[in-house]
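The values are calculated or read from the model by the stated rules, or taken from the named source; none is laboratory data. These numbers were taken from a predicted model, which means no experiment stands behind them. Neighbour counts are summed over all protein chains in view; Cβ atoms, including those assigned to glycine, are modelled from backbone coordinates with ideal geometry.
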């Protein structure tokens, strides 16, 4: 049986090209998917930047895991928390949230423009855009002008149509059934 995908590989350099990925939707697993991708990239000696918009604090299992990576792997990873230690919504955002998120965005822009990383994860950037803290047109412009070989991932609910339009991969994660619906709250090791 012939491999139907082999004949579709017009350009063998595509595997060296970086793309824009988006994980959005109301379902669980957007950040988890992006952090799994980070682990895969680190396992291939890629330089990885993760900026966690709207997320501060240290009570995240994934941060504990990243702290325990071997020194050789850890030297290729930078994590920046550009948020306060709480979840940000339209009705509770304040100037401190905006300041932290904008600092994170300036760092992201600099890293993108200076080709510092092979993979950049902008965790919850979609939320920062949806809240009006980050300007979608500026984000789109930066993404459109990223280095060709750089992979960039944006996560978070409510991905803006302009972000979806320029992305090469968009996964809309929607819940079919969730234990939160029966009153189960966030659990350490599973949700954080």
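A few notes on this one:
- Within region 34-59, residues that are at positive phi reach partners that are surrounded by 15 or more Cβ atoms within 10 Å (Cβ to Cβ) and part of a helix (DSSP H, G or I) with beta carbons closer than 6 Å, at six or more positions or on different chains, in the pairs 54/127.
Matching residues to (1) modelled with pLDDT under 95; (2) out of contact with any helix residue (DSSP H, G or I) (no Cβ under 8 Å at 6 or more places or on another chain); (3) more than 19 Å from residue 186 (Cα to Cα); (4) assigned to a strand (DSSP E or B):
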position	(1), (2), (3), (4)
2	yes, yes, yes, no
15	yes, yes, yes, no
28	yes, yes, no, no
37	no, yes, yes, no
46	no, yes, yes, no
51	no, no, yes, yes
59	yes, yes, no, no
64	yes, yes, no, no
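- Just so you know, in region 160-171 the residues that are touching a residue at least 60 places away in the same chain (Cβ under 8 Å) and in contact with a helix residue (DSSP H, G or I) (Cβ under 9 Å, 6 or more places away or on another chain) include one that is surrounded by the most Cβ atoms within 10 Å (Cβ to Cβ), and it is 163.
- Number of the exception - residue 184 against (1) in contact (Cβ under 8 Å) with a residue 60 or more places away in the chain; (2) more than 25 Å from residue 122 (Cβ to Cβ): (1)
The rows are residues; the columns are (1) at pLDDT 95 or above; (2) in contact with a helix residue (DSSP H, G or I) (Cβ under 6 Å, 6 or more places away or on another chain); (3) assigned to a strand (DSSP E or B); (4) surrounded by fewer than 16 Cβ atoms within 10 Å (Cβ to Cβ).
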site	(1), (2), (3), (4)
55	no, no, no, no
86	no, no, no, yes
89	no, no, no, yes
103	yes, no, no, yes
106	yes, no, no, yes
121	yes, yes, yes, no
137	yes, no, no, yes
